[in-house]
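Below you'll find the structure, written out as structure tokens, and then a few comments.
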Amino acid sequence: MLKRTRATKARFQLILIKPSHYDNDGYVVQWIRSTMPSNSLAAVYSLAKGAAERELLGPDLPIDVMAMDETNTRVKTKEIARRIAENGGRGLVGIVGVQSNEFPRAVDIARPLREAGVQVLIGGFHVSGCLAMLKELPGDIKEAQSLGVSIYAGEAEEGLDEVILDAARGELRPLYDHMKHLPDIGNIASPPFLPNDFIERTIGNVTSFDAGRGCPFQCSFCTIINVQGRKSRYRSPDSVEQILRMNYDQGINRFFITDDNYARNKDWEAIFDRIIKLREEDGMDVRFCIQVDTLCHKIPGFIDKSKRAGVTRVFIGLENINPANLIAAKKRQNKITEYRKMLLEWKRVGIITYAGYILGFENDTPESIRHDLEIIKKELPLDMLEFFILTPLPGSEDHKVLHEKGVWMDPDMNKYDVEHVVTGHPKMTEAEWTEAYRTAWGIYYTDEHFETIIRRAYASGINLRSLMPVLFWFSSAVPVEGVHPLQWGIFRIKYRHDRRAGLPLESPFVFYGRYAADIARKLVLVAKRWRHLKRIVRKVEADPHAKLYKDEALTPVVDEDAEHMELYTQNEAARTAVERERRVAAKTGNGNGGKAPAPAGLRTNGHQGNGHDAGLPDAEHHINEQNEPASPLV
Ligand code: B12
Ligand code: SF4
């Protein structure tokens, strides 16, 4: 929060704001506690603190740095402007890590600040993505510039000093374009860090950092490769240790590693080895959630080292089970023939899995989506599934192609939160697509499937006390709050005056009446859902045979799967994918001892799996390693 300081000497005020976005009624999405601290904010905050400690502006102009995350803190623009004025008038508001869906809110924050004469600079994925992919700046960015807002595209590691120096002279440029040069992040002096009083505003003892940036793949819906590049850049093990120790010293021991694909971080092993040393030799109880691709299990030692390094949760970009969709989206690295092997490997070591699933690829229809989800429930040993609407996010190839072809895309960036339909679909109307997204959560998270997930987890040695809150979180966010689990928080805060520019101020009667009714409804719903889930957990725990639970999804991968599992037989594309893998397996000698026809391009073999029956209770030794969860994510 902004404390009032009346200075006798001028002090440069650097205020960093990570904005939120608006809900469908135009109110800022805010919580008493938000999901997790933003790494984008941590990265820029730490660089700014470094500049302050180095006295970048000289001893006569000290720099004060403040950070706030609007998802858990109200942004008061008048106070910010006053604070800058009271400290000599020199300052900068950096609006940080602004995603496309946050850009309209960022501009609404900037507007009154600009009217008060405050310098404002917006950075993050929206502006970087647009500059990376579009020939001309889009209208919303131009509009921001017309208000006198400056734009920062690219990463801050080598450019923040220049910005602060320019701002101190009152000469901020309209555009800082660092897109052509991706900085080395190996050993930067000020790696991402946020102080504890900031982290306390989020759920649990968790913070986030990026151990690396970039991904080698080429998915057409992805923005990361066009903004952060396809070459892996990574922090050194020393730098990662520095981040872990700084946080551990302030009592934070759980981390979300934000690399979109940690499995493709070229230095994953050296980083894990260092973390393993910290855990096993130095006694640091640190734990992690990572994001990986569906081929990660093929990297020798990756899964076992993940376990030893304290990974307890893993996000997997599964995206779809129809190979025709995956090929159309250039997600060729996702092979349905590897899904079960990969998931069983995570089960083997007792790590909780979340998979992202995208709805609205070109072959999807409401019926096919429903059918695919039933296959997943039956045949894939997966814990959480989260859904996204396929969205041409600015910065992606999909967005660029539609833009260049002049295909309609919704001009309201606030809707680019992967929960709204923002363009057309060849087989679904907007209403059908929206409904398919909304109902997908209910199709996956049925009572019956809750029980199956819990039984599979129990039999695989996953701690149910750790699983239950995440299961609750991912299954309840949309039905209870109407927001994606990644955006949910504890207790929704709404301010009547914090409404999207252009929308009317509602009467207190209407606003508070609806707000109170909403709170009551949600509390009842949350309590009901929690109690219900708890009953299912207790039922499983009380079952003396629960540890011996087995079903189709948990059985080891065998050649015959190809003949009967719907995952491999449901359509022509699936059958072709299996055939292709058979041919590859026959050529390389993998899968069936080189015999052809070898249905098991499928079969678990070598380091891709160990034939270990994930359903057997001998995985029990993993149980004690995961205690009470600190957050729905880590
Ligand atoms: C961790 C993460 C989250 C976390 C935390 C958010 C955060 N930004 O830290 C959570 C879970 C909250 C989250 C939520 C969502 N996310 Co997210 N998230 C990420 C992820 C994986 C890492 C972010 C990160 O740490 N990047 C590394 C930092 C260092 O890079 P950076 O943000 O670009 O910041 C650098 C520069 O941009 C620059 N910079 C940034 N700001 C500023 C400001 C100034 C003044 C200056 C000088 C420089 C500067 O310097 C920084 C340091 O180098 C990214 C993917 C990615 N690789 O970035 C997706 C990503 C940002 N998310 C995305 C999306 C879509 C979402 C959601 C809408 C998903 C959903 N339905 O829930 C929500 C939206 C939340 C909201 N409030 O509306 C998209 C955004 C695409 C776009 N065009 O905007 C991304 C790119 C992933 C994707 N699918 O393409 N996310
Ligand atoms: S695997 Fe993930 S991070 Fe890599 S290109 Fe595809 S969507 Fe992007």
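None of the figures in this text is laboratory data; all of them are computed from the coordinates on show. As the structure is a prediction and not an experimental result, all values here were calculated from the model. Cβ: placed from backbone, ideal geometry, glycine included. Neighbour counts: every protein chain shown.
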Under the Karplus relation 6.51 cos²θ - 1.76 cosθ + 1.60, θ = phi - 60°, what is the ordered set of whole-Hz ³J(HN,Hα) values for region 53-59, x standing for Gly and Pro?
-> 5, 7, 6, 4, 9, x, x
So what's Rg/Rh here for the chain, counting alpha carbon atoms and using the Kirkwood radius for Rh?
-> 0.97
For region 264-318: Kirkwood Rh in Å [reciprocal of mean 1/r, alpha carbons] = 11.5
Within region 104-121, whose backbone N sits under 17 Å from a point 7 Å along Cα→Cβ of Q145?
-> 107, 120-121
Burial order of peptide ranges 201-211, 105-115 (average beta-carbon count within 10 Å, highest first) = 201-211, 105-115
When you take every Cα atom in region 305-411, what is the radius of gyration, and what is Dmax, the widest Cα pair distance, in Å?
-> 15.9, 50
Estimated dipole of region 328-439 in Debye, rounded to 20 [Cβ of Lys and Arg +1, of Asp and Glu -1, Cα centre] | 640
For region 361-505, what D do you get in µm² per second when you plug the Kirkwood radius from alpha-carbon pairs into Stokes-Einstein at 4 °C and 1.567 mPa s?
-> 74
Determine, for D69, D197, D410, D398, the number of other Cβ atoms within 10 Å of each Cβ, and report the residues in order from fewest to most.
-> D197, D410, D398, D69
As a check on your grasp of the helix formula, calculate [θ] at 222 nm for the chain: sum -39500 (n - 2.57) over DSSP H runs of n ≥ 4, divide by the residue count, round to the nearest 500.
-> -12000 deg cm²/dmol
Determine Rg/Rh for region 177-281; Rg is computed over alpha-carbon atoms and Rh is the Kirkwood hydrodynamic estimate from the same atoms.
-> 0.99
Mind pulling the per residue volume of the convex hull built on the Cα atoms of region 81-126? Å³ is fine.
-> 56
Assuming 1.002 mPa s and 20 °C, estimate D for region 104-146 with Stokes-Einstein, Rh taken as the Kirkwood radius over Cα pairs, in µm²/s.
-> 193
Along principal axes, Cα extents of region 82-238, largest first, whole Å | 45, 41, 30
Computed Rg/Rh for region 225-342 (Cα atoms; Rh = Kirkwood radius) stands at 1.01
Region 462-524: proportion of alpha-carbon pairs further apart than 16 angstrom, % = 59
How do 294-302, 262-270 rank on mean C-beta neighbours within 10 Å, highest first?
-> 262-270, 294-302
At 1.002 mPa s and 20 °C, Stokes D of region 431-585 from Kirkwood alpha-carbon radius, µm² per second | 110
Can you pull the semi-axes for region 28-114, root of five times each eigenvalue of the Cα gyration tensor, sorted largest first, whole Å?
-> 24, 17, 11
Measure off 7 Å from each Cα along the Cα-to-Cβ vector at R230 and D410, then give the distance between these two points in nanometres to one decimal.
-> 3.1
Filtered pair list for region 335-445 (Lys only, Cα < 20 Å, 8 or more apart or interchain) has a length of 9
Restricting things to alpha carbons, tell me how big region 123-211 is in terms of Rg and Dmax, in Å.
-> 15.7, 43
Determine the relative contact order of the chain: mean sequence separation of Cα pairs under 8 Å and six or more apart, normalised by residue count, in whole percent.
-> 15
Over all alpha-carbon pairs of region 304-349, lay out the pair-distance distribution in 10 Å bins, whole %, shortest bin first.
-> 24, 44, 26, 6
With region 394-479 reduced to its Cα atoms and the Debye formula applied, log10 I(q)/I(0) at q = 0.13, 0.19 1/Å amounts to -0.63, -0.89
Using a 10 Å cut-off on Cβ atoms, rank the peptides 578-586, 520-528 from the highest mean neighbour count down.
-> 578-586, 520-528
Selection from G97, L61, V75, by position along the positive dipole direction of region 50-116 (Cβ) | V75
